[in-house]
Each structure stands twice: as structure tokens, then as C-alpha cells.
1. Can you tell me which residue is surrounded by the most Cβ atoms within 10 Å (Cβ to Cβ) among those in the range A:106-146 that are more than 11 Å from chain B (Cβ to nearest Cβ) and at positive phi?
2. Got a number for residues in the range A:252-263 being surrounded by fewer than 22 Cβ atoms within 10 Å (Cβ to Cβ), in contact with a Gly (Cβ under 7 Å, 6 or more places away or on another chain) and in a strand (DSSP E or B)?
3. Within the group A:D182, A:D197, which residue is more than 23 Å from A:F142 (Cα to Cα) and either more than 14 Å from chain B (Cβ to nearest Cβ) or among the aliphatic types (A, V, I, L, M) (or both)?
4. Check whether at least one residue in the range A:291-299 is under 25 Å from A:L234 (Cα atoms) and either within 14 Å of chain B (Cβ to nearest Cβ) or buried (at least 22 other Cβ atoms within 10 Å of the Cβ) (or both), and report yes or no.
5. Condition first: assigned to a strand (DSSP E or B) and surrounded by 16 or more Cβ atoms within 10 Å (Cβ to Cβ). Now tell me which residues in the range A:190-210 satisfy that.
6. Consider only pairs whose beta carbons are under 6 Å apart and that are at least six residues apart or on different chains; among these, list those whose first residue lies in the range A:50-61 and is closer than 11 Å to A:V75 by Cβ and whose second residue is assigned to a loop (DSSP other than H, G, I, E, B) and among the small types (G, A, S).
7. Taking A:F152 and the conditions (1) under 23 Å from A:A219 (Cα atoms); (2) more than 14 Å from every other protein chain (Cβ to nearest Cβ); (3) of a type in the set (F, W, Y), which numbered condition does it fall short on, given that it satisfies the others?
Amino acid sequence: MPRTRGKLWRWIGLPIVVGAGALWTFLGTRWTLPSANVTPERYELAGYWDGADVPGGKIHRPMGIAVAPNGDVYVTDARTRVVCLHRDGRFIGQWGREGNGEGEFGKPTGVAVAPDGSVYVSDFDQDRIQKFTADGTFLLAFGQSGDGAGQFDAPAGLSVDRNGFVYVADFYQHRIQKFGPDGTFQQTIGRSGRLGDGRLHYPTGVAVTADGSLLIADAYNYELQWFSDEGRPLRRRGFHLAWLWPRPSSSNKGFNVPTGVAVAPDGLIHVTDSGNHRIVMLSATGGYIAEWKVPDADPTIHSPEQIAISPDGRTLYATDYAADRIIILRRTSPAAPGARS
Amino acid sequence: MKTPSTKTFVILVALFLATGVVFGASPPERAVIEVKGLACPFCVQGLEKHLKRLGAVAAVHTSLQKGEAVADFKPGRSASEEELRAAVKKAGFTAGRIRFESKPDETAAPEDADQPDLNAREET
């Protein structure tokens, strides 16, 4: 390169490129998780449950988890069943076996409990939702394979709002579907895509906030997304390169395959960031507060999967698929009523 | 009559054995599919679901540690490599090498297969 051109590049061109790159990176992190300015909260490990006293075998590859209004914990696992545990981990009951009849499953995955105590279970393989009483008596089923309204391709996580409406993450169809308590289809929320508000890419987890908003673990957009109860996109939180392109992150700026989400009564959000093998605590608007990493996590398996919270908002339960156990965490400081950031 | 030479005898025996191999060969009982990127349990469930949709597949076992899915065929049936690759692609993955083989001894448990020991389950 001629000497003059080399000097031009060194003193003008290179600083411009470096400066532009720095500006691009800085501006590109606008949609990362901002740090929240709230009362410091932390997680502490309360223990693990492996279901050693469960008839028919210990918990194996648990996926879905939910907490009932009375504190009982429901778990789905690879033994094709729903297990009910007391809040102290003692076995209460279980139901389910392989099959396509009432109370039978192909791959029970998501589980949610309604305000009246009824239990909804999504079947990833059979593309349907079954509803049971709290003790496992079959009530009704809805859904079938397909891409139409009320049809599914791999229903995953689900949640029930205070009015009894059921929201189901339709994994392969990149959408959320809303149903009445009797299984009648209401509406579709979100649509397939990587860029922009309202676009979902393999959603796996659903939670309903105190104000009725829908919070989605949008797993392969590496983000959380909020929707209004009418299905209008509200906000996204995660790492987005150049404002748009969702990317995995292992820092407090984003997620790596967030698969489950739960919202406490005071609004704090808890996320199973499965690809980072951690549980993350966020403010009500998605600001990073704290995290807890799974010790000795198997690096080849994304885990934990889903998360649920006790009625008082102080205890978290997460399904650790890789280690065949339930993780129990406690928040370490008193919940401030109506805490928001 | 002239006695067959040793060379002719060896050729006849080889042909006889080859015939036995051809007509005695049984169809493959399973396919072992290498799949990269198997880490997320939801995706693994999806992979199993798409493979099970093939009419010839009876069951699917995945190993996250090995990065492979094993599709057991129904008796007397099998799926082609193209069908298997298409099913894996629909699940969002790309299949690597695919091996067709017979099932191992049924009394031996598959190595670190991601399946529960269903025999341990009691009736409730």
C-alpha cells in the first residue's frame, strides 16, 4: 500500500471504523435487560426434591410445574404422569398413563392450576389440553393437531388468569392461544417471526401478571415478551443486536433459551434461563435484579425448564430436567407490597 | 467325469455363503441418527414427535449426551434415509450420519438413553 494511503487509513479510517463499531454496539444494546433499581433481593437454595417417596418411581425428566392456591405442587415428568406434592415435598397423589383416552397422555408437558383448583395439562405429542379436578378426575379435553384456530402443534407451557381463561404456548406454530374455562377458543396472540414486537419463535412458557398482561418466555428469540390481555404487544426484554436481532446472552443483559416464567404477587418476575442453567429475578418491567446458577449443571442439557411460585410469592419451584429433581429457592428479603421499578 | 479343482470348490462355497447372506438378511430394525444441537428438552420432544409421525416408527429414544436419536421400526417395516432426514428437518434440526442396524439384545439397557425405567413403575 502506498505510504500516503497507509497514513490516511491509520489516522482517519481506522478511528472512524472503531468509533462506528463502538457506537453500533452501544446503541445495539438498547434492548438489553436494564439493571433494576429496587430493594435488593436474592435467592437462597432451600433444597431439592427427587420424589423418592413417589409410588412408581422417582421424578424423571420433569418438565412442567404449577402451584395450586393451597400450595400443592403439580409436576409432569417422563413417566407419562402428573404428580402432586405437598408444599413440603411429600407425595400426595399422581395420575396418568400412556394412551390417548381420558386421563391418558402421550407426552404431558405443561401444567397450570386455575383459581378454582382445577388442573390443566398440555400434551406435546397428542396436541391437546386436558382439564382435571385437583385430585386428577378427568373433566374435559380440547384441541387437536392442526394449524387452525384451537388446534395445536406441540402445546407447551400454559397459564390460567384470574377469570379462568387459559393461555397455551403453541410451540411449533409460534403463537399463544387463549381458551375459555370450557375449552372454547377465544383468540390467537402473537405470530411467527424473529424481528419486532409480537413476533414469537418457539415460545415455551406463559404467565399472567397481576394487571392481566400476558408474559411469554419466547425461548428462541432469547427474550421475554409482554402482551395486553387483548393480545397487543407491549414490550420485549432480552439482548437485541442493533435493536432488532435477538441473540443469546450469558450476561445480565439477556437470556439463552428462556423456557419458563412466573410472576409473584408483588410483580417480581422469575425466569428459567435454561441455556444459561440459571434462574433469573427481574423487576415487573424486566430489569435485572439477581440470579441463581445451578451448581454442577450438565452443560449438554438446557435446564431448568419451567418455574412456579408459591401463593405468598416467597418460594420458587423449578423443574431441573437434567438432574431429575425439583429445585426449591426462597427469596431472602421481605416482599415490598406493590414493589415496582 | 473330471473332479472339480480346489479353485472351483472355493468359488462354489463362496457363492453358496453369499446367497445365504442375501436371502437371510433381515430388514433393519432401527435407525441411529446423529443430530447436532440437541440440548433443549422441548426441541428433543419435538424431534421425537416428528420421527414418531413416520408410519414405520414405533418408538424413539434420544441421547442428549451422545447427540443422537434412535428410531425403532415396527416389525417388518422401515423408513428411508430421505424420510428420516425430512422428519428431522421438520423438527428444526439437520441430521448427520444415519446408520441402519438391528436392535441390540433386548435384555441389555440402552446406554444413557433418555427413557425412564417403566418396569419400576407400580400400578396406582
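1. Among those that are more than 11 Å from chain B (Cβ to nearest Cβ) and at positive phi, it is A:G143.
2. Of the residues in that region, 0 qualify.
3. Exactly one residue qualifies, and that residue is A:D197.
4. no
5. Answer for the range A:190-210, where residues must be assigned to a strand (DSSP E or B) and surrounded by 16 or more Cβ atoms within 10 Å (Cβ to Cβ): A:R199, A:L200, A:P203, A:T204, A:G205, A:V206, A:A207, A:V208.
6. A:I59/A:G51; A:H60/A:A78; A:R61/A:A78
7. It is condition (2) that A:F152 fails.
For every residue, the table says whether it meets (1) crowded, with 20+ Cβ neighbours inside 10 Å; (2) within 12 Å of chain A (Cβ to nearest Cβ); (3) modelled with pLDDT of 95 or more.
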site: B:G37; (1), (2), (3): no, yes, no
site: B:G46; (1), (2), (3): yes, yes, yes
site: B:S63; (1), (2), (3): yes, yes, no
site: B:A71; (1), (2), (3): yes, no, yes
site: B:G76; (1), (2), (3): no, no, no
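The values are calculated or read from the model by the stated rules, or taken from the named source; none is laboratory data. Not measured: the values here are computed from a predicted model. Methodologically, a virtual Cβ is constructed for each residue, glycine included, from the backbone with ideal geometry; neighbour enumeration extends over all protein chains shown.
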